[in-house]
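Here the structure comes first, spelled out in structure tokens, and everything after it is commentary.
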């Protein structure tokens, strides 16, 4: 895949956006992958979920402001906020990255199939895609989550919900890219020489569709992380044992005037994660528009 | 052109029908007994629960309920809400203008400010103000709406008392904070879009020719960019309206605007199926209509598109 | 592309102009109060017309027969007057009935009606109006949620359980009879000392049949009910916006002090409070927890705390292991730090529960509930002594729209103290009721209960009596049922109190549920108002509110 390698070595890595994106994502990534390491730096290495409103000595320890003992203060249940903010990265990243990857796979499969075969395959994919797009995203999320899970929202159900509602755009991008390249002469040549459809798709079509899809997918992770937080705000809570930025912010916004740090700190981390992925998507998009293999 | 409109129109109606059928069945398959939800945690007798179900036809099989609903729909009757005991059309008449006003206001902000800021940034590309604008755009897209809304509500509404905090009692002013909040992500996208289009235009050969003739860059922008970037911009607006509907749900909740979004969120938690379906239909209809208009506008601006579809 | 420097381009000028215009618009709205609060009487002399505004959330209904929540109740109780009314300290007082008595058979109550009682259109109230109103409230065609309130009345259940006939109010309740225009008898199925208190509920307000006999008038009645109370609707209900009532000129009793009252409808209490701070509403009836401390500080003299008759509790499926073991139930209850929850989570909008019945309810017994205290050592002892829970894990049910804020401290306590795993199942309210219907829950669930009428009986009977349709605790105790029967059939309410007390002793020893908090309502009113009274049922007596001199 030398074309991809040269793509990577080119404008992508050198660009400022890419570097900033990587920096932000590294920060968030470390929090997601190894939260215990970071939390260990703080006094007491507190667990993010074992908390109580009353301290050992009987005084109340909920909603404390940031201090030397609790770097980010404590939340409503007396939990150490620093620990919670750091641990919160995992849930957002799992949902965001997981859903985006699934959307990319599903969308690309359907889009390439539609663009390549044309005819009724194309018609069906487009019609169903239009149908899905015809339902506003937030309304669709609310409806699906209320049906799929008559109880708690989990990472899995969130990922499935996002996938069901968001594959059409990736499909459209892939379809357009496929249709553009399908009529190229070298494709005709490959078919004439007896290469199988699968091989042609994998060797030529998919790499061609990959850059726009990758750019969109990277930005999509950012959007999904944001939407996942909105779901908490709308009342679709995840299990209390899962530490989630969205849930923390939803709980904290009513206390904003008195404990602003409880809303702002997770908000900052969430925004950093979202920004990182958006910038990554931008960086990819500015690379070469297609991997034209004629040359 | 007429053929295109007819074809698209028929497609839109088909999509509308299919979407609403989907929504209908999902909604009525929602777990949770609406009769019990209405009754609440009281000593309501079983006979009252049956009476409630009978009154709303909830004990009929799902297909029959759908046919009945469709029939009433064709007569212009969207049914009666379980919870509020009012015709859904009445509730819609109150809620729709609020949401449409909010969305319209937001779109205006996005378009106007998007053009102004985006074009200015393009003219100053590479300089600090341009980078600042880009960074601001990224931030605008990253911070969740309800956080921005809460902060804005707190600073401008309470601390500074410049603007009303909630409700629609203050007419025009009630929509200022909500619209600004809602516009933020879309504005960020619009600015980037306009900026990118402007830069493409500014780097294009015909611009160099114009410069050679002594015409300024901003004059070039005014003459060419607006026209040439209008197609992607209209496409953006078309897509944006769909996204705005979703954002409106959040913003309406933060600022307590009695619009469609808030009505739907409430109806879902109350299992008010009739209202959910009625309002969702309204949203989908509006969305499809806007989509169609956007497509028509794009063709009007650039006839090549019709041939491509 | 070479960056260029130029004098201000047109684009930039447009941008700055736009900002300038925007800034001007902003400062305009800042200098003049955007909300017109002409109702504030601070600049007017007392002889001038007096009116004020109150915050409420959108009621589910203001039709007296359908009123099921306190928001609707606030309005309905101004629009109608029942046979008997309650004073602010919840004693019985004459309403439309000037006197009433119980016959020798112990089941027939006779009410003598005030001949001056009239509706807002001047029409006099007659006993026949009660016959129709009761028939309407019980009618399955109306499918009214509060219809169960009338079950003690003879014949009510027959109307309620019958098939819908298609018209509302056509089948009379056999236990209600108009002897003449100003005498009404109500017969109960069995002796029921609390009947007069039950009859204070709005569904028992009078209503002439021809107020709702046509489709149009019935539909109009929903948005603009006509009644015989101290106030009347000035205009139809403006949904999600407001309801305005004005004094009823034909009301024979003490007229309301205010000429008109404006109810402003808010979607959430925080918004209402913000509007109160902005002087856009005179009374913020319910404050959200986060506004309580600031409001207490900012408005110390007009801060109102009411003890509402609402019990929040954790119910146990008392017929299923491991919760069929009373020691386990006691252990779980002793592990709840009620003070911390009331102080920190509810921030003063609740008090720790001291028993099954809120202290202000007639018949409440304090100081008997040992397990209502926080005693972690004893809890652990009991838990270990009972052998813990199978699999060391339990399931707990939660209503997701309320969030888990009040449940979390309890779960944290249980996890830490007992070392168990807890699976939380969250549901929307409608499903939650299904999941916690009698016989269904397999673990503790968080619920609340509010009385129907001011009596401890209205707590104890529904929650614990074995025949109650909402007893989802799997709890049945013959001795307790007997005490309830004795209380019901006592000569009057006073005589029934000892039986209620005994009933409480029984359930507070068995703990089929763990009471957590009694709710308090916290509100604040403008300094321009005085005589702001909230009764023990959390009902604001708005007819008494007067301007501050």
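Out of the residues in the range C:416-436 meeting the condition of being touching a helix residue (DSSP H, G or I) at 6+ places or on another chain (Cβ under 8 Å) and part of a loop (DSSP other than H, G, I, E, B), tell me which one is farthest from residue B:44 (Cα to Cα).
Residue satisfying both the conditions and the ranking: C:419.
Of all residues in the range C:268-309, how many are assigned to a loop (DSSP other than H, G, I, E, B), within 11 Å of chain B (Cβ to nearest Cβ) and in contact with a helix residue (DSSP H, G or I) (Cβ under 7 Å, 6 or more places away or on another chain)?
So the count comes out to 1.
Of the residues B:49, B:22, only one is modelled with pLDDT under 75 and facing another protein chain (nearest Cβ under 10 Å); which?
The conditions single out B:22.
Here are the criteria: (1) in contact with a helix residue (DSSP H, G or I) (Cβ under 8 Å, 6 or more places away or on another chain); (2) within 16 Å of residue C:228 (Cβ to Cβ); (3) more than 14 Å from chain B (Cβ to nearest Cβ). Tell me which single one residue C:137 does not satisfy.
(3)
Given the residues C:333, C:351, which is the only one that is touching a helix residue (DSSP H, G or I) at 6+ places or on another chain (Cβ under 7 Å), away from chain A (no Cβ under 11 Å) and part of a strand (DSSP E or B)?
C:351
Here are B:115, B:70, B:74, B:96: which of them is in contact with a helix residue (DSSP H, G or I) (Cβ under 8 Å, 6 or more places away or on another chain), more than 8 Å from chain C (Cβ to nearest Cβ) and within 30 Å of residue B:37 (Cβ to Cβ)?
Going through B:115, B:70, B:74, B:96 in turn, just one is in contact with a helix residue (DSSP H, G or I) (Cβ under 8 Å, 6 or more places away or on another chain), more than 8 Å from chain C (Cβ to nearest Cβ) and within 30 Å of residue B:37 (Cβ to Cβ): B:96.
Residues are listed down the side, and each one gets a yes or a no for (1) surrounded by fewer than 21 Cβ atoms within 10 Å (Cβ to Cβ); (2) at pLDDT 90 or above:
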{"site": "C:457", "(1), (2)": "no, yes"}
{"site": "C:470", "(1), (2)": "yes, no"}
{"site": "C:475", "(1), (2)": "no, yes"}
{"site": "C:501", "(1), (2)": "yes, yes"}
{"site": "C:504", "(1), (2)": "no, yes"}
{"site": "C:509", "(1), (2)": "yes, yes"}
{"site": "C:517", "(1), (2)": "no, yes"}
{"site": "C:535", "(1), (2)": "yes, no"}
{"site": "C:538", "(1), (2)": "no, no"}
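Quick grid of which residues meet (1) buried (at least 18 other Cβ atoms within 10 Å of the Cβ); (2) closer than 30 Å to residue B:278 by Cβ; (3) more than 23 Å from the chain's Cα centre (by Cα):
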{"site": "A:155", "(1), (2), (3)": "yes, no, no"}
{"site": "A:179", "(1), (2), (3)": "no, no, yes"}
{"site": "A:198", "(1), (2), (3)": "no, no, yes"}
{"site": "A:204", "(1), (2), (3)": "yes, no, yes"}
{"site": "A:221", "(1), (2), (3)": "yes, no, no"}
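Every residue, every condition in (1) within 25 Å of residue A:281 (Cβ to Cβ); (2) in contact (Cβ under 8 Å) with a residue 12 or more places away in the chain; (3) within 14 Å of chain C (Cβ to nearest Cβ); (4) part of a loop (DSSP other than H, G, I, E, B), yes or no:
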site	(1), (2), (3), (4)
A:41	no, no, no, yes
A:46	no, yes, yes, yes
A:52	no, yes, yes, yes
A:58	no, no, yes, yes
A:63	no, yes, yes, yes
A:67	no, no, no, yes
A:76	no, yes, yes, yes
A:90	yes, yes, no, no
A:97	yes, yes, no, no
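Residues being touching a helix residue (DSSP H, G or I) at 6+ places or on another chain (Cβ under 6 Å), part of a loop (DSSP other than H, G, I, E, B) and under 22 Å from residue C:318 (Cβ atoms): count how many of those fall in the range C:478-518.
Residues flagged as touching a helix residue (DSSP H, G or I) at 6+ places or on another chain (Cβ under 6 Å), part of a loop (DSSP other than H, G, I, E, B) and under 22 Å from residue C:318 (Cβ atoms) within the range C:478-518 amount to 1.
With assigned to a loop (DSSP other than H, G, I, E, B), under 25 Å from residue C:410 (Cα atoms) and in contact (Cβ under 8 Å) with a residue 60 or more places away in the chain as the only criterion, which of C:474, C:439 stands out?
C:474
Just checking, how many residues over the range B:118-141 are within 10 Å of chain C (Cβ to nearest Cβ) and either closer than 15 Å to residue B:180 by Cα or outside any helix (DSSP H, G or I) (or both)?
4
So which of A:218, A:229, A:214 is modelled with pLDDT of 85 or more, in contact with a helix residue (DSSP H, G or I) (Cβ under 8 Å, 6 or more places away or on another chain), within 20 Å of residue A:158 (Cβ to Cβ) and away from chain B (no Cβ under 12 Å)?
A:218
Taking residue A:274 as the residue in question, decide whether it is within 26 Å of residue A:144 (Cβ to Cβ), part of a loop (DSSP other than H, G, I, E, B), within 14 Å of another protein chain (Cβ to nearest Cβ) and at pLDDT 75 or above.
no
Can you tell which of B:238, B:242, B:278 is in a helix (DSSP H, G or I), more than 10 Å from every other protein chain (Cβ to nearest Cβ) and under 14 Å from the mean Cα position of the chain (by Cα)?
B:238
The values are calculated or read from the model by the stated rules, or taken from the named source; none is laboratory data. Please read all numbers here as calculations on a predicted model, not as lab measurements. Don't worry about glycine lacking a Cβ; one is built from the backbone with ideal geometry, like all the others, and counts go over all protein chains shown.
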